[in-house]
Amino acid sequence: MTEHTTDKPKPKKLFGIKNPFLKTLFLLAFVILTGGLGLIVILLAFAGDYFIGKRKKKQLQNVVCVCLVALMLSGCAVAMSANRSAYKGDPSIIQPGADRIHIESTFGSPNMTASLNDGETKVIYKIDPNAHRAGTRNAAVAGHVVADVLTLGAWELIGTPLEVAAQDEFSTYIIIYDKDNKVKSVEVVK
């Protein structure tokens, strides 16, 4: 009588994860966090042996991983949208004769302050006149998050360039206050 045993292939571990559900969840999170390009890494990890050989596969995986990390560090649409400057007020209120208290209550403390001769003060503000209000900015962030989830991260290929194109455009306002804290002159540098 011969004993016949069938050895079932052991399931492959993925970063020490045996559970198939957790593996799938991990891979899905990886794809989302890498902006969809994680699919390339996953394909290389599972099918690369058949197409390019084991040695070159490892080299290519390393290159792709470095590129993905660089891409992730360069920014994502969600973070870029969340970090845009907030609307502070209408810069048109900065006119000769305006009160310093009114301007500082609208725009906050200036970026730079210097005392001049005769009791005059020079201040500099960096303001984005086209900045969005908080609600608009939050809606943009939510939109990017939803698009990322629905496209498994591929939205980053579109959303990130859109956010780069819509970067804040600051104007520098150089204001001279007289000794009575009234605006004497304003210069706008774009």
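Over 19 Å apart at the Cα level, from the set K88/K184; K88/K190; K126/K190, are K88/K184. Karplus-derived 3J(HN,Hα) values for region 87-98, using 6.51 cos²θ - 1.76 cosθ + 1.60 with θ = phi - 60°, are 5, 9, x, 7, x, 5, 6, 7, 10, x, x, 6 Hz; glycine and proline are entered as x. For region 92-112, there are no residues whose amide N sits under 11 Å from a probe point set 7 Å from the Cα of K179 along the beta carbon direction.
The equivalent ellipsoid that matches the C-alpha gyration tensor of region 122-190 spans semi-axes of 39, 12, 6 angstrom, in descending order.
Placing pseudo-labels 7 Å out from each Cα toward the beta carbon at I101 and K122 gives an inter-label distance of 2.7 nm. Region 81-120 and region 140-165 have Cα centres separated by 34 Å.
Readers should treat all values here as calculations from the given coordinates under stated rules, not as data from a laboratory. Being a predicted model, the structure only gives us computed values, none of them experimental. Positions of Cβ are backbone-derived with ideal geometry, glycine not excepted, and every protein chain shown enters the neighbour counts.
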